[in-house]
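Asker: One structure coming up, written as structure tokens, with questions to follow.
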Amino acid sequence: MPIPPMLVDLVGNALASMDGVIFADLDACPSCGGQVIGHDMRAKRFAVMLDNGRERTIRVFVKRFYCQDCGALCYADAPFYPDTRLASPIVDLCLLLSRQMPFNQVAQHLRAMGIVVDRGTIRNYASRDFGAIPATDLFGFLLPLSLLNLATFTLDRERRPIVGAEALAACGFPPAGRASLHGRGAPEERDQRYEQEEKEERES
């Protein structure tokens with residue numbers, strides 16, 4: 001099924017506009033509720049796009065905090081599911097498409113939309129339970145509201161810089177959902193996952 005050019009532009013502009021966005025808000029330590037102080041900033045892959053036939057990685061920056069009570073290192077609220085290397089709107093889209101077609105076709109459809117996700121990653125996402133994915137029909141395609149809301153948000157921002165908290169809400173992750181953002185596992189385990197992701201990205 002051909003992808004409408006308007007949809008390709010809408011999605012592409014939304015993802016590209018996230019490049020360099022900073023997520024720096026965290027009210028309290030997610031482990032113990034203690035007071036946190038800023039520690040450093042980490043880059044995280046938001047999406048991989050096709051730009052004139054070449055792959056382009058869209059990265060956001062997520063602030064890391066140190067808890068003064070329990071000593072944990074924890075991350076600002078950001079639109080990522082636990083143990084995923086791409087932003088939640090991309091994961092949502094992969095899941096919706098994988099319910100309609102085989103994984104290799106999902107990868108082809110995503111590529112036609114200008115999004116690069118390999119078949120193995122799609123299969124991995126499809127095997128997990130991320131809960132209900134709100135969606136709507138647009139141009140004959142079922143799109144996750146997280147991606148559509150992000151696209152609408154970036155169109156309405158009138159060229160001003162994107163604020164992380166606003167993008168977070170557009171992706172369907174209010175601060176109250178912090179537990180689902182950071183997911184299971186101790187802060188040290190989450191920190192190790194970030195370290196491994198960063199190492200792999202530098203080597204790729």
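Asker: In Å and from the alpha-carbon atoms only, list the Rg and Dmax of segment 46-120.
Answerer: Every Cα atom of segment 46-120 included, Rg and Dmax give 15.7, 49 Å.
Asker: Looking at the calculated P(r) for segment 1-147, what percent of the C-alpha pair distances fall above 22 Å?
Answerer: Details: 4845 of 10731 pairs.
Cα-Cα pairs in segment 1-147 separated by more than 22 Å: 45 percent.
Asker: Rounded to the nearest whole Å², what accessible area per residue is found for segment 51-131 with the 1.4 Å probe?
Answerer: Details: 3620 Å² over 81 residues.
Per-residue accessible area for segment 51-131 comes out at 45 Å².
Asker: Provide the FRET efficiency to the nearest 0.05 for the residue 163-residue 118 pair, computing r from the beta carbons and using R0 = 35 Å. Each step should come with its number before you reach the end.
Answerer: Values: r = 32 Å, r/R0 = 0.90.
Efficiency computed from Cβ-Cβ geometry: 0.65.
Asker: Taking the simple approach of a point 7 Å from Cα along Cα-to-Cβ for both residue 111 and residue 27, what is their distance in nm?
Answerer: For residue 111 paired with residue 27, the spin-label model returns 4.4 nm.
Asker: Report the paramagnetic label zone for residue 8: residues of segment 110-128 whose backbone N is under 14 Å from a point 7 Å from Cα along the Cα-to-Cβ axis.
Answerer: Inside the label zone: 110-116.
Asker: Report the local net charge at residue 8: Lys and Arg +1, Asp and Glu -1, summed over other residues whose C-beta lies under 14 Å from its C-beta.
Answerer: Details: positive: 111; negative: 9, 51.
Every neighbour counted, the sum reads -1.
Asker: Let me ask something else about it. If you place +1 on the Cβ of every Lys and Arg and -1 on the Cβ of every Asp and Glu, how big does the dipole about the Cα centre of segment 81-127 come out, in debye to the nearest 20? Don't jump to the answer; show the numbers that get you there.
Answerer: On the way: 5 positive and 3 negative charges, 25 e Å.
My answer is approximately 120 debye.
Asker: OK, next. Along the Cα→Cβ direction, 7 angstrom out, place labels at residue 69 and residue 101. What is the inter-label distance in nm?
Answerer: The answer from the label model is 4.9 nm.
Asker: Now for a separate question. Amide H neighbours of residue 39 under 5 Å, at least 5 residues apart or on other chains, H built in the peptide plane: list them.
Answerer: 64, 65, 66
The values are calculated or read from the model by the stated rules, or taken from the named source; none is laboratory data. Note that the structure is a prediction, hence the values are computed from the model and not measured. Positions of Cβ are generated from backbone atoms using ideal geometry, with glycine treated the same way; all protein chains shown enter the neighbour counts. Heads up: the accessible areas ignore ligands, DNA and RNA and are worked out on the full protein's heavy atoms, side chains in. Shrake-Rupley method; radii C 1.70, N 1.55, O 1.52, S 1.80 Å.
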